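Q: Take this structure first; my questions come after.
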Amino acid sequence: MKDDIIIRVISNLLIPFIQLYALYVLAHGDLGPGGGFQGGVIFASSIILYVLVYGIDEGRKRAHQKITDVLNSVGVMIYGGIGVVCLFFGGYYLQYGKLPLGDLKHASHLGIYGIEIGVEVTVAAVMITIFFEMAGRKSD
């Protein structure tokens, strides 16, 4: 598909909107369907679309393996870190109301957003990693 100008132009137009929609799904996940998992899959699909259009070598330049490996860990550390911070302030693991972020409602809301961000980062990085691992395999 590298030589097909129409697919490249349409993909270049769509990819930023797909990524923006992934952030929208993340931000409105507490009000309706969506959240970190769905947003992560949508974000990963934009990277996968790029790789399908431009090829795996070009895709690896944009989403290098070291970056995806780091993001796999960072997302889990965000999730776990918020739970540990809750423990330090006298709550249970992931008891967001104990976070020192204002009143109970505000702390819970921000704690949930933090968890959702960690989930989105992890899911997107894992989906991209799985795609690259499967795409790079040689058939027997």
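Q: Considering only residues of region 80-130 that are buried (at least 17 other Cβ atoms within 10 Å of the Cβ) and of a type in the set (D, E, K, R), which is farthest from GLY36 (Cα to Cα)?
A: LYS98
Q: From the set of residues in region 26-52 that are over 30 Å from ILE5 (Cβ atoms) and in a helix (DSSP H, G or I), which is nearest to the chain's Cα centre (by Cα)? It would help to see each step written out before you state the result.
A: In the first step, residues of region 26-52 are kept if they are over 30 Å from ILE5 (Cβ atoms); the result is 26-40.
Remaining after also requiring in a helix (DSSP H, G or I): 26-27, 36-40.
Values: LEU26: 9, ALA27: 12, GLY36: 7, PHE37: 7, GLN38: 9, GLY39: 6, GLY40: 4 Å.
In this case the residue turns out to be GLY40.
Q: Identify the single condition in (1) more than 30 Å from ALA135 (Cβ to Cβ); (2) touching an Asp or Glu at 6+ places or on another chain (Cβ under 9 Å); (3) not polar (S, T, N, Q) that GLY40 does not satisfy, given that it satisfies every other one.
A: Failed condition: (1).
Q: Scan region 76-86 and tell me whether some residue there is under 20 Å from ILE18 (Cα atoms), assigned to a helix (DSSP H, G or I), modelled with pLDDT of 90 or more and hydroxyl-bearing (Ser, Thr, Tyr). Steps first, answer last, please.
A: Residues of region 76-86 under 20 Å from ILE18 (Cα atoms): none.
Within region 76-86 (the criterion being under 20 Å from ILE18 (Cα atoms), assigned to a helix (DSSP H, G or I), modelled with pLDDT of 90 or more and hydroxyl-bearing (Ser, Thr, Tyr)), the answer is no, since none of the residues qualifies.
Q: Please find, within region 53-79, the residue that is surrounded by the fewest Cβ atoms within 10 Å (Cβ to Cβ) out of those that are among the polar types (S, T, N, Q) and under 30 Å from ILE5 (Cα atoms).
A: Looking only at region 53-79, we keep the residues that are among the polar types (S, T, N, Q), and these are 65, 68, 72-73.
Then drop every residue that is not under 30 Å from ILE5 (Cα atoms), which leaves 65, 68.
Numbers: GLN65: 13, THR68: 21.
Taking the candidates together, the pick is GLN65.
Q: How many residues are more than 21 Å from LEU26 (Cα to Cα) and out of contact with any helix residue (DSSP H, G or I) (no Cβ under 6 Å at 6 or more places or on another chain) when one looks only at region 91-115?
A: Summing the residues that are more than 21 Å from LEU26 (Cα to Cα) and out of contact with any helix residue (DSSP H, G or I) (no Cβ under 6 Å at 6 or more places or on another chain) in region 91-115 gives 4.
Q: Let me ask another. Specify which of the listed residues (SER73, SER45) is over 30 Å from ILE10 (Cβ atoms) and of a type in the set (S, T, N, Q).
A: Values: SER45 fails: over 30 Å from ILE10 (Cβ atoms).
Going through SER73, SER45 in turn, just one is over 30 Å from ILE10 (Cβ atoms) and of a type in the set (S, T, N, Q): SER73.
Q: With (1) under 30 Å from ILE67 (Cα atoms); (2) in contact (Cβ under 8 Å) with a residue 12 or more places away in the chain as the list, and MET134 as the residue in question, which single condition is left unmet?
A: (2)
The values are calculated or read from the model by the stated rules, or taken from the named source; none is laboratory data. Remember, predicted model here, so these are calculated numbers, not experimental data. Positions of Cβ are backbone-derived with ideal geometry, glycine not excepted, and every protein chain shown enters the neighbour counts.
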